[in-house]
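What follows is calculated from the coordinates using simple rules that are stated; it is not laboratory data. Just so it is clear, the structure is predicted and the values come from calculations on it, not from any experiment. Methodologically, a virtual Cβ is constructed for each residue, glycine included, from the backbone with ideal geometry; neighbour enumeration extends over all protein chains shown.
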Amino acid sequence: MNEGIKASRLHDKNVVVIGGSKGVGRSIVAAAYAEGARVLAVARQEQPLKQLAAQFPGVQILALDATEEGAPAQVFETLVPDVLVVCAGAIPHMAPLVEQTWEQFSRNWNSDVKLSLLLAQAALTTPLPAGATVILISSGAAINSSPLSGGYAGAKRMQMFLANYAQKESDRLHLGLQFLALVPGGIMPETELGKAAVEAYASSLDLAPADFIKNMGAKPTPEDVAKAVVAFASDPHERAGKAFLVSGAGVTLVS
């Protein structure tokens, strides 16, 4: 366990990060680990998970496809979360609308939305212990749109709705769970998803990727999102069922 654990905000908390091996998820794992949590990182590919575990001794890993119907049960059997962070998802097919097949257009609905739904349902029906927090990681595309990424923006907006719907179910059933969505407010070029978006939009504007990034202005980092996760996980009150925009300047209420 980490040094300085008694002063850590997530001491003695179980934190499960779906999509925890890379990008934003990896930053969330690192932040939760640093705050003294028991952490389980879940992702499809085993090798990145092993590399993660080597860097953060004590972090548990679980390789599985979170879109499978039985995935939530496997996750909760491995570690019952006090904090469940859902940030896994597919890289959208980047192309103009007229070049998208339905399979390409709906990729993120069949990945990001499906796994968010399955995990939210499992949190409600298992159910997770009263006081547990479920955080869905959405995207600024849900607010600002993303015309080259097919159904991605709509899928990320649906995650915001899911947090609200799940909260209403928790309240109706008197479960005492907290659901919320975090919305990173811009492209993060350091992630695989961000790199794909930068390359597609730069090409559409006949710009070099580096020039496109320069023109983006202030943008959040994976570390900004991770800091927001830790803050909300350690003090979720008055945030249930809502969505919050994460930017380099801080966190603000979306809805």
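Does Leu118 satisfy the condition of being of a type outside the set (Lys, Arg) and in contact with a Ser or Thr (Cβ under 9 Å, 6 or more places away or on another chain)?
yes
Among the residues of segment 216-255 satisfying the criterion of being of a type in the set (S, T, N, Q) and more than 14 Å from Val83 (Cα to Cα), which is nearest to the chain's Cα centre (by Cα)?
Thr221
Can you tell me which residue in segment 64-96 is surrounded by the most Cβ atoms within 10 Å (Cβ to Cβ), limited to those that are among the aliphatic types (A, V, I, L, M) and closer than 24 Å to Lys195 by Cα?
Val85
Can you tell me which residues in segment 178-193 are crowded, with 18+ Cβ neighbours inside 10 Å, not small (Gly, Ala, Ser) and not in a helix (DSSP H, G or I)?
Selection gives Gln178, Phe179, Leu180, Leu182, Val183, Pro184, Ile187, Met188, Pro189, Thr191.
Just name the residue that is surrounded by the fewest Cβ atoms within 10 Å (Cβ to Cβ) out of those in segment 194-248 that are of a type in the set (A, V, I, L, M) and part of a loop (DSSP other than H, G, I, E, B).
So the residue we want is Ala218.
Looking at Gln47 and the list (1) in a helix (DSSP H, G or I); (2) surrounded by 15 or more Cβ atoms within 10 Å (Cβ to Cβ), which single condition is not satisfied?
(2)
Counting only residues that are part of a helix (DSSP H, G or I) and not aliphatic (A, V, I, L, M), how many does segment 60-106 have?
Going through segment 60-106 one residue at a time, the tally reaches 10.
Determine which member of the set Lys22, Lys13 is closer than 26 Å to Gly154 by Cβ and touching a residue at least 24 places away in the same chain (Cβ under 8 Å).
Matching residue, one of Lys22, Lys13: Lys22.
How do the pairs read when you match residues in segment 114-140 that are farther than 16 Å from Ser234 by Cα with residues anywhere that are charged (D, E, K, R) and surrounded by fewer than 24 Cβ atoms within 10 Å (Cβ to Cβ), using Cβ under 6 Å and keeping only pairs 6 or more apart or on different chains?
Between residues of segment 114-140 that are farther than 16 Å from Ser234 by Cα and residues that are charged (D, E, K, R) and surrounded by fewer than 24 Cβ atoms within 10 Å (Cβ to Cβ), the close pairs are Leu124/Glu169.
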